[in-house]
């Protein structure tokens, strides 16, 4: 049993909040994204947040520090789009290994620093593995329902490169998150399995799906329970949901899986739903009030925040989590 599994039996662990929300506060320009190294790059790089691990590493480090200071036990690496598929938009496929490796290294250095400072509260790094901007289950062309923009094998190979780099950089956990297509997630899990076999290692894996709207289904059409069933063959540390919904709207979907899985459960909801300007208005207190319902109902083992959340949100959530016992699980 890994040290994180032991801790999950003892208390509710806190995951960090949004990386993108925090990076927006820096108001980085095109020049900041480029840095010295990419100053002559032929296309615009603004918006490539993963690249900031190379060009503005101090900011990434600072965000991790703020979340740990707020009470997070686990921070996620700045690698949400860190595959050749995601980086193709910026013609940076050749940088994928370096982006993931450096992102993991930055987060790990901060985690080690905080663990030294508070040995009774060890800190962990989760390698963030996003869903890519392609879907293996659905056609992007309404006139050709049989068409697929990507194959399972292409996804598997892209994820494998990301996983290897994250592990080399020192992550403690792999987090396959914001899953809108379970076939994509299976490609990621398959890649993780391959790497585990090749390296003869065991690494805890968190899997977090996304219920995309009020229909209560993922983008590829699964209910929360169907999603759970289709991934339960894999030995997961946690299964849960993140993104798309605020904490209150996510609750029924957590209830649907919490009583049906032997795994630990996780959630990192948004700070409510976006307003007309795409911003999130839910205050730390409002979000914490809703999350308290999860804790009262014993639905959760790891809790954090997604879009719109900040260290202030995580601080309120951490205070709450300390008052409640974790959900019992087999693990």
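The values are calculated or read from the model by the stated rules, or taken from the named source; none is laboratory data. From a predicted model like this one, the values you see are computed outputs, not experimental measurements. Note that each Cβ is placed from the backbone with ideal geometry, even for glycine, and that neighbours are counted across all protein chains shown.
Tell me the residue from 31, 36 that is more than 25 Å from residue 312 (Cα to Cα), more than 17 Å from the chain's Cα centre (by Cα) and part of a helix (DSSP H, G or I), please.
Working: 36 fails: part of a helix (DSSP H, G or I).
Answer to the check: 31.
Checked against the criteria, residue 178 counts as under 18 Å from the mean Cα position of the chain (by Cα) and either crowded, with 21+ Cβ neighbours inside 10 Å or in a helix (DSSP H, G or I) (or both). Restricting attention to region 58-72, the residues being surrounded by fewer than 24 Cβ atoms within 10 Å (Cβ to Cβ), on the phi < 0 side of the Ramachandran plot and touching a residue at least 24 places away in the same chain (Cβ under 8 Å) number 6. Please specify each residue of region 230-289 satisfying the condition of being surrounded by 18 or more Cβ atoms within 10 Å (Cβ to Cβ), out of contact with any helix residue (DSSP H, G or I) (no Cβ under 7 Å at 6 or more places or on another chain) and part of a helix (DSSP H, G or I). Passing the criteria: 249, 250, 258.
Just wondering, is there one or more residues in region 133-148 that are in contact with a strand residue (DSSP E or B) (Cβ under 7 Å, 6 or more places away or on another chain) and at pLDDT below 95?
The first filter runs over region 133-148 and keeps only residues in contact with a strand residue (DSSP E or B) (Cβ under 7 Å, 6 or more places away or on another chain), leaving none.
For region 133-148, residues in contact with a strand residue (DSSP E or B) (Cβ under 7 Å, 6 or more places away or on another chain) and at pLDDT below 95: absent.
Among 158, 165, 126, which is buried (at least 19 other Cβ atoms within 10 Å of the Cβ), modelled with pLDDT of 95 or more and either assigned to a loop (DSSP other than H, G, I, E, B) or touching a strand residue (DSSP E or B) at 6+ places or on another chain (Cβ under 7 Å) (or both)?
Among 158, 165, 126, only 126 is buried (at least 19 other Cβ atoms within 10 Å of the Cβ), modelled with pLDDT of 95 or more and either assigned to a loop (DSSP other than H, G, I, E, B) or touching a strand residue (DSSP E or B) at 6+ places or on another chain (Cβ under 7 Å) (or both).
Please find, among 96, 63, the residue that is in contact with a helix residue (DSSP H, G or I) (Cβ under 6 Å, 6 or more places away or on another chain) and either closer than 30 Å to residue 10 by Cβ or not in a helix (DSSP H, G or I) (or both). Give the derivation first.
Numbers: 96 fails: either closer than 30 Å to residue 10 by Cβ or not in a helix (DSSP H, G or I) (or both).
63 is the lone residue from the list that is in contact with a helix residue (DSSP H, G or I) (Cβ under 6 Å, 6 or more places away or on another chain) and either closer than 30 Å to residue 10 by Cβ or not in a helix (DSSP H, G or I) (or both).
Would you call residue 87 in a helix (DSSP H, G or I) and free of Cβ contacts under 8 Å to residues at least 40 places away in the same chain? Taking the combined requirement at face value, the residue satisfies it.
Looking at the structure I just gave you, is residue 114 in contact with a helix residue (DSSP H, G or I) (Cβ under 8 Å, 6 or more places away or on another chain), surrounded by fewer than 24 Cβ atoms within 10 Å (Cβ to Cβ) and closer than 18 Å to residue 13 by Cα? Quick ask: steps written out before the conclusion?
Numbers: in contact with a helix residue (DSSP H, G or I) (Cβ under 8 Å, 6 or more places away or on another chain): yes; surrounded by fewer than 24 Cβ atoms within 10 Å (Cβ to Cβ): yes; closer than 18 Å to residue 13 by Cα: yes.
Judged against the criteria, residue 114 is a match.
In summary, residue 293 fulfils each of the numbered conditions (1) within 20 Å of residue 181 (Cα to Cα); (2) in contact with a helix residue (DSSP H, G or I) (Cβ under 8 Å, 6 or more places away or on another chain); (3) not in a strand (DSSP E or B) with the single exception of condition (1).
Scan region 40-60 residue by residue and report those that are closer than 22 Å to residue 105 by Cα and in a loop (DSSP other than H, G, I, E, B).
Our first condition is that a residue be closer than 22 Å to residue 105 by Cα; within region 40-60, this holds for 47-60.
Once the filter is applied, which keeps residues that are closer than 22 Å to residue 105 by Cα and in a loop (DSSP other than H, G, I, E, B), region 40-60 yields 47, 48, 56.
Within region 296-312, not a single residue is in contact with a strand residue (DSSP E or B) (Cβ under 7 Å, 6 or more places away or on another chain) and in a helix (DSSP H, G or I). Of all residues in region 22-31, those that are closer than 20 Å to residue 77 by Cβ and free of Cβ contacts under 8 Å to residues at least 60 places away in the same chain total 5.
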